[in-house]
Amino acid sequence: LKGSSQLPLLEDPKELEEHQIVIEGIRASLERFGTVIVGQTQEVELPTLSHLITPISLSGNSEEWGFDSSQLFERVVKKLHPTPALGAFPRKEGMKWLQDLQEKRDRFRFGAPFGALWKTGEVRSVVSIRNLQWQGDSMMLGAGCGIIPASELDREWREIQGKIQGVKKVFGIT
(Lines give C-alpha, C1' and ligand atoms only; values in the text may rest on other atoms or scores of the structure.)
Protein backbone atom coordinates (compact mmCIF):
# COMPACT_ATOMS: atom_id res chain seq x y z
CA LEU A 1 0.00 0.00 0.00
CA LYS A 2 1.43 3.37 -0.95
CA GLY A 3 2.57 5.32 2.07
CA SER A 4 2.21 2.58 4.70
CA SER A 5 5.88 1.60 4.64
CA GLN A 6 9.15 3.45 4.41
CA LEU A 7 10.46 0.74 2.07
CA PRO A 8 9.36 -0.46 -1.36
CA LEU A 9 7.13 -3.50 -0.83
CA LEU A 10 9.69 -5.86 -2.39
CA GLU A 11 12.22 -4.75 0.24
CA ASP A 12 9.90 -4.67 3.26
CA PRO A 13 10.47 -7.82 5.40
CA LYS A 14 7.06 -7.59 7.07
CA GLU A 15 5.14 -7.24 3.80
CA LEU A 16 7.17 -10.05 2.22
CA GLU A 17 6.51 -12.34 5.20
CA GLU A 18 2.75 -11.68 5.03
CA HIS A 19 2.78 -12.31 1.29
CA GLN A 20 4.76 -15.53 1.69
CA ILE A 21 2.14 -16.83 4.14
CA VAL A 22 -0.52 -16.25 1.47
CA ILE A 23 1.57 -17.99 -1.20
CA GLU A 24 2.20 -21.01 1.03
CA GLY A 25 -1.47 -21.25 2.00
CA ILE A 26 -2.52 -21.23 -1.66
CA ARG A 27 0.20 -23.72 -2.62
CA ALA A 28 -0.87 -26.11 0.17
CA SER A 29 -4.51 -25.89 -0.92
CA LEU A 30 -3.69 -26.60 -4.58
CA GLU A 31 -1.09 -29.37 -4.25
CA ARG A 32 -3.65 -32.19 -4.20
CA PHE A 33 -4.96 -31.11 -7.63
CA GLY A 34 -1.72 -31.22 -9.62
CA THR A 35 1.58 -29.44 -10.10
CA VAL A 36 1.72 -26.00 -8.49
CA ILE A 37 4.02 -23.46 -10.12
CA VAL A 38 4.78 -20.30 -8.16
CA GLY A 39 6.01 -17.39 -10.28
CA GLN A 40 8.10 -14.39 -9.32
CA THR A 41 6.66 -11.91 -6.85
CA GLN A 42 6.32 -8.41 -8.26
CA GLU A 43 5.08 -5.07 -7.06
CA VAL A 44 2.15 -3.69 -9.01
CA GLU A 45 1.67 0.08 -8.82
CA LEU A 46 -1.88 1.27 -9.33
CA PRO A 47 -3.18 4.83 -9.10
CA THR A 48 -4.18 4.59 -5.44
CA LEU A 49 -2.08 1.72 -4.11
CA SER A 50 0.83 -0.62 -4.62
CA HIS A 51 0.41 -4.34 -4.09
CA LEU A 52 2.51 -7.49 -4.18
CA ILE A 53 1.40 -10.06 -6.73
CA THR A 54 2.68 -13.56 -7.37
CA PRO A 55 1.29 -15.64 -10.23
CA ILE A 56 0.46 -19.18 -9.13
CA SER A 57 -0.42 -21.81 -11.72
CA LEU A 58 -1.94 -25.24 -11.32
CA SER A 59 -1.20 -27.77 -13.99
CA GLY A 60 -3.16 -30.99 -14.04
CA ASN A 61 -5.73 -33.01 -15.87
CA SER A 62 -9.29 -32.98 -14.52
CA GLU A 63 -10.00 -36.31 -16.21
CA GLU A 64 -7.44 -37.95 -13.91
CA TRP A 65 -9.72 -36.98 -11.03
CA GLY A 66 -12.90 -38.23 -12.72
CA PHE A 67 -14.67 -34.91 -13.22
CA ASP A 68 -14.85 -32.18 -15.85
CA SER A 69 -13.17 -28.75 -15.81
CA SER A 70 -16.12 -26.92 -14.25
CA GLN A 71 -16.27 -29.47 -11.43
CA LEU A 72 -12.52 -29.16 -10.91
CA PHE A 73 -12.83 -25.36 -10.81
CA GLU A 74 -15.57 -25.58 -8.17
CA ARG A 75 -13.57 -28.02 -6.04
CA VAL A 76 -10.41 -25.92 -6.28
CA VAL A 77 -12.27 -22.73 -5.32
CA LYS A 78 -13.86 -24.45 -2.33
CA LYS A 79 -10.45 -25.71 -1.24
CA LEU A 80 -8.84 -22.28 -1.68
CA HIS A 81 -11.43 -20.04 -0.08
CA PRO A 82 -10.68 -18.27 2.11
CA THR A 83 -7.02 -17.88 1.27
CA PRO A 84 -4.80 -16.53 4.07
CA ALA A 85 -5.28 -13.10 2.42
CA LEU A 86 -8.97 -13.20 3.41
CA GLY A 87 -9.06 -15.43 6.43
CA ALA A 88 -6.59 -16.59 8.95
CA PHE A 89 -3.65 -18.95 8.91
CA PRO A 90 -3.11 -21.80 9.66
CA ARG A 91 -6.35 -22.68 7.90
CA LYS A 92 -8.03 -24.99 10.45
CA GLU A 93 -7.41 -22.67 13.39
CA GLY A 94 -8.16 -19.63 11.25
CA MET A 95 -11.54 -20.97 10.15
CA LYS A 96 -12.47 -21.65 13.79
CA TRP A 97 -11.45 -18.09 14.72
CA LEU A 98 -13.47 -16.61 11.82
CA GLN A 99 -16.56 -18.66 12.75
CA ASP A 100 -16.30 -17.53 16.38
CA LEU A 101 -15.92 -13.92 15.22
CA GLN A 102 -18.94 -14.20 12.92
CA GLU A 103 -21.07 -15.28 15.89
CA LYS A 104 -20.12 -12.05 17.69
CA ARG A 105 -20.28 -9.65 14.74
CA ASP A 106 -21.56 -10.02 11.19
CA ARG A 107 -18.56 -9.72 8.86
CA PHE A 108 -20.87 -9.65 5.83
CA ARG A 109 -19.01 -10.58 2.65
CA PHE A 110 -15.40 -9.52 2.49
CA GLY A 111 -13.86 -11.06 -0.58
CA ALA A 112 -13.91 -14.17 -2.68
CA PRO A 113 -12.34 -15.93 -5.62
CA PHE A 114 -13.39 -14.53 -8.98
CA GLY A 115 -12.67 -16.37 -12.16
CA ALA A 116 -13.54 -17.42 -15.67
CA LEU A 117 -13.61 -20.91 -17.16
CA TRP A 118 -13.09 -21.27 -20.91
CA LYS A 119 -14.40 -24.14 -23.04
CA THR A 120 -10.79 -25.28 -23.47
CA GLY A 121 -10.69 -26.04 -19.74
CA GLU A 122 -8.37 -23.12 -18.97
CA VAL A 123 -9.28 -21.10 -15.91
CA ARG A 124 -8.14 -17.65 -14.81
CA SER A 125 -8.89 -16.67 -11.27
CA VAL A 126 -8.02 -13.96 -8.78
CA VAL A 127 -8.98 -13.37 -5.19
CA SER A 128 -11.03 -10.21 -4.88
CA ILE A 129 -9.96 -8.59 -1.63
CA ARG A 130 -11.85 -5.29 -1.76
CA ASN A 131 -15.52 -4.64 -2.26
CA LEU A 132 -18.44 -2.34 -1.66
CA GLN A 133 -21.67 -3.74 -0.27
CA TRP A 134 -25.09 -2.17 -0.19
CA GLN A 135 -27.94 -2.94 2.15
CA GLY A 136 -30.93 -0.68 1.79
CA ASP A 137 -29.65 2.88 1.85
CA SER A 138 -26.39 1.94 3.60
CA MET A 139 -23.05 1.09 2.09
CA MET A 140 -20.13 -0.77 3.63
CA LEU A 141 -16.55 -0.82 2.44
CA GLY A 142 -14.43 -3.55 3.99
CA ALA A 143 -10.67 -3.55 4.39
CA GLY A 144 -8.23 -5.53 6.44
CA CYS A 145 -4.56 -6.19 6.91
CA GLY A 146 -2.23 -9.04 7.67
CA ILE A 147 -1.13 -9.37 11.27
CA ILE A 148 2.12 -11.16 12.05
CA PRO A 149 4.50 -10.83 15.03
CA ALA A 150 6.35 -7.96 13.28
CA SER A 151 3.13 -5.92 12.88
CA GLU A 152 2.83 -2.49 14.48
CA LEU A 153 -0.64 -1.18 15.35
CA ASP A 154 -0.16 2.34 13.94
CA ARG A 155 1.24 1.05 10.66
CA GLU A 156 -1.57 -1.50 10.24
CA TRP A 157 -4.17 1.17 10.97
CA ARG A 158 -2.62 3.46 8.33
CA GLU A 159 -2.65 0.54 5.88
CA ILE A 160 -6.37 -0.10 6.44
CA GLN A 161 -7.21 3.61 6.16
CA GLY A 162 -5.14 3.87 2.97
CA LYS A 163 -7.00 0.94 1.42
CA ILE A 164 -10.37 2.47 2.28
CA GLN A 165 -9.36 5.88 0.95
CA GLY A 166 -8.01 4.32 -2.24
CA VAL A 167 -11.29 2.56 -2.99
CA LYS A 168 -13.29 5.67 -2.09
CA LYS A 169 -11.15 7.72 -4.47
CA VAL A 170 -11.70 5.26 -7.35
CA PHE A 171 -15.48 5.46 -6.85
CA GLY A 172 -15.55 9.20 -6.16
CA ILE A 173 -16.87 8.71 -2.62
CA THR A 174 -16.05 11.39 -0.06
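The values are calculated or read from the model by the stated rules, or taken from the named source; none is laboratory data. Note that the structure is a prediction, hence the values are computed from the model and not measured. Heads up, the Cβs are rebuilt from the backbone with ideal geometry, glycines too, and the neighbour counts pull from every protein chain shown. In case anyone asks, the SASA skips ligands and DNA or RNA and just uses the protein heavy atoms, side chains included. Shrake-Rupley method; radii C 1.70, N 1.55, O 1.52, S 1.80 Å.
Side notes on the structure shown:
- Gained length - Arg91 relative to Ile173, 0.36 nm times residue gap less alpha-carbon distance: 26.0 nm
- Annotation note: GluC sites (Glu not before Pro) in region 93-144 located in DSSP loop regions with a Cβ neighbour count of at most 13 within 10 Å are Glu122.
- Free of any chymotrypsin sites (Phe, Trp or Tyr not before Pro) that DSSP assigns to a loop and that have at most 16 other C-beta atoms within 10 Å, the longest stretch within the chain is 1-66.
- Share of alpha-carbon pairs per 10 Å distance bin for the chain, given as whole %: 8, 33, 35, 20, 4, 0
- Where region 78-174 is the region considered: accessible area per residue in Å², 1.4 Å probe: 73
- Percent carbon-and-sulfur accessible area, the chain, ignoring ligands, DNA and RNA, probe 1.4 Å: 55
- Filtered trypsin sites (Lys or Arg not before Pro), region 89-152: DSSP coil and at most 16 other beta carbons within 10 Å: Arg105, Arg107, Arg109, Lys119, Arg130
- Total lysine pairs under 16 Å (Cα atoms) in the chain, excluding pairs fewer than 8 apart on one chain: 8
- Linear extension gain, Ser128 paired with Lys104, 0.36 nm per residue minus alpha-carbon span: 6.2 nm
- Fraction of alpha-carbon pairs over 15 Å apart in region 128-174 - percent: 51
- Gln161 paired with Leu117, simple spin-label distance in nm, labels 7 Å along Cα-to-beta-carbon: 4.4
- Here the sum of -39500 (n - 2.57) over DSSP H runs of 4 or more residues, divided by the residues of the chain, equals -12500 deg cm²/dmol at 222 nm, to the nearest 500.
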